[in-house]
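Working notes, beginning with the structure itself.
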């Protein structure tokens, strides 16, 4: 990481070399067929990254769901990071972020008619989904599965953050790379995420040169698209409709930007570009908010100088907060979440769709 002191990088370098050796040996074993990747009779689409967290996998998976759910009976399979349960589990309405993981819970909440499941063993998870009588998926989306090589996907989509120069990054724990840059060759489609709205054709050409994709790989560019503010808690029992809010309503107010995600900077910067006073309250990725955390949040909220003040959080954090037993009642009318989606840039949606469908229908 760029913010790691040089001395710390030097101390971590031997560990990074050992980690890199293990990754290279593992990939060599798969490439030579000594470790086998299993193919399945239905199309498997893998969405993943080559760096640790924060490339927008969940918004992109949701984009695929919106696009494909009327064409195929979909299944979504995730490992269910930080869940309290184990093994294969179908995500149900009665589940919580604790039992299935925040991202699978969020996806099921937004797409109740889509089968969502969790299993750290992706092969077992796929086989379990295929055994569902009358409801077995026709296409399965694997979330965060680029490194899960025991499954051979029909289409492999790799997400790369525009704001991270992976050519200058290093393997864990010195840097943020899960694998060496050359591992990108396994991807069929590379999607650059979090591009600035001001990106130019020249910027795209320079980034393409920097990535240097193979001729068989399709490269597309996307940006983050924020939706309208949504209340985290329902309207009071009085029957009065809760006041609708937009960021324009808060342009002269104050906002506490509450995040528990891997890369909060774009979210915070977006709020700062629309609101005069923004105070960031950031926790680690997939953070489980404690009672003491909520007291800290309430104290920081009270320190905002503006009279008109609200808490704005991310959609992923919202699913962890909405049923929290210790959430302060005084703040329930003050907290909103900002939905996030992705937009392809400069006609790349057509390029992506054509490439994706060609790969999906290609005979092995």
(request) Show the residue pairs that are 6+ apart or on different chains and have beta-carbon atoms under 7 Å apart, the first residue being within segment 296-317 and under 18 Å from residue 252 (Cβ atoms) and in the same structural domain as residue 270 (by TED's automatic domain parsing), the second being at pLDDT below 95 and assigned to a helix (DSSP H, G or I). (result) 308/250; 310/250
(message) Suppose we filter 64, 8 for residues that are at pLDDT below 95 and closer than 26 Å to residue 163 by Cα; which single one remains?
(response) 8
(message) Give me the residue from segment 273-294 that is touching a residue at least 12 places away in the same chain (Cβ under 8 Å) and assigned to a helix (DSSP H, G or I) and, out of that set, nearest to the chain's Cα centre (by Cα).
(response) 294
(message) The conditions are (1) touching a helix residue (DSSP H, G or I) at 6+ places or on another chain (Cβ under 7 Å); (2) part of a helix (DSSP H, G or I); (3) touching a residue at least 60 places away in the same chain (Cβ under 8 Å), and residue 267 fails exactly one of them. Which is it?
(response) (1)
(request) Output yes when any residue across segment 29-38 is over 16 Å from residue 179 (Cβ atoms), modelled with pLDDT of 95 or more, buried (at least 16 other Cβ atoms within 10 Å of the Cβ) and in the same structural domain as residue 189 (by TED's automatic domain parsing), and no when none is. (result) no
(message) Filter segment 162-219 down to the residues that are buried (at least 18 other Cβ atoms within 10 Å of the Cβ) and on the phi > 0 side of the Ramachandran plot and list them by number.
(response) 194
(message) Among the numbered criteria (1) farther than 28 Å from residue 52 by Cβ; (2) in contact (Cβ under 8 Å) with a residue 60 or more places away in the chain; (3) surrounded by 19 or more Cβ atoms within 10 Å (Cβ to Cβ), which one does residue 254 miss?
(response) (2)
(message) I need the full set of residues from segment 333-348 which are crowded, with 16+ Cβ neighbours inside 10 Å and under 22 Å from residue 110 (Cα atoms), in order please.
(response) 335, 336, 337, 338, 339, 340, 341, 342, 344
(request) Go over the candidates 88, 60 one by one and state the one that is surrounded by 15 or more Cβ atoms within 10 Å (Cβ to Cβ) and touching a helix residue (DSSP H, G or I) at 6+ places or on another chain (Cβ under 8 Å). (result) 88
(request) List the number of the failed condition for residue 86; all other conditions in (1) assigned to a loop (DSSP other than H, G, I, E, B); (2) under 30 Å from residue 219 (Cα atoms) hold. (result) (2)
(request) Select, from 343, 349, 323, 317, the only residue that is in a strand (DSSP E or B) and either under 22 Å from the mean Cα position of the chain (by Cα) or under 26 Å from residue 204 (Cα atoms) (or both). (result) 343
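Listed here are the residues, each with its yes/no results for (1) free of Cβ contacts under 8 Å to residues at least 24 places away in the same chain; (2) touching a strand residue (DSSP E or B) at 6+ places or on another chain (Cβ under 6 Å).
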residue	(1), (2)
6	yes, no
33	yes, no
50	no, no
54	no, no
78	no, yes
81	no, no
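The values are calculated or read from the model by the stated rules, or taken from the named source; none is laboratory data. Just so it is clear, the structure is predicted and the values come from calculations on it, not from any experiment. Heads up, the Cβs are rebuilt from the backbone with ideal geometry, glycines too, and the neighbour counts pull from every protein chain shown.
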